[in-house]
Amino acid sequence: MALATGADTKKMKYGHRGGNHPVKDLETGRVYISSQNHGYVVDTETLNPEIAVPAFINVNDKTNEGLKYTGKNIFTVQFHPEACPGPQDSGYLFDRFLKMMEVTK
């Protein structure tokens, strides 16, 4: 999505691999443990804030872990919310998605 809307990605020095990566939801301030497997990250310096803004960051290295698209019912994450390493840690993202879809009915 980021590439399709004009942002760039960059290769990370050390990719995120494993089931123990803390991710912060910038909207709520909550931190969740996530499962990840990626070696590239969205370069937030190339984001147009009229299109998308950071929504999640990696607590360890402050890299982007997801975006919220301005004025759209779209958000993205760069981790596996279905994995829920903690007790249903990031399962709430599916609830958020379903609520967004109900609004557009």
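The values are calculated or read from the model by the stated rules, or taken from the named source; none is laboratory data. Fair warning: this is a prediction, and the values are worked out from it, not measured in the lab. Reconstructed Cβ throughout: ideal geometry from the backbone, glycine too, with neighbour counts over all protein chains shown.
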Query - Members of the stretch 15-44 found to be free of Cβ contacts under 8 Å to residues at least 12 places away in the same chain and under 13 Å from K62 (Cβ atoms), listed by number - result: none
Query raised in the report: If we scan the stretch 55-68, do we find a residue that is out of contact with any His (no Cβ under 6 Å at 6 or more places or on another chain), over 19 Å from P81 (Cα atoms) and in a loop (DSSP other than H, G, I, E, B)?
Result: yes
Requested in this report: Among the residues of the stretch 45-54, write down those that are in contact (Cβ under 8 Å) with a residue 12 or more places away in the chain, surrounded by fewer than 19 Cβ atoms within 10 Å (Cβ to Cβ) and within 20 Å of K10 (Cα to Cα).
Outcome: T46, N48, P49, I51, V53, P54
Report summary line: Exactly one of F75, F94, F79 is exposed (fewer than 14 other Cβ atoms within 10 Å of the Cβ) and not charged (D, E, K, R), and that one is F94
Query raised in the report: So which residues in the stretch 8-21 are surrounded by 14 or more Cβ atoms within 10 Å (Cβ to Cβ) and at pLDDT below 95?
Result: G19, H21
Query raised in the report: Quick check, is V41 part of a strand (DSSP E or B) and under 17 Å from T9 (Cα atoms)?
Result: yes
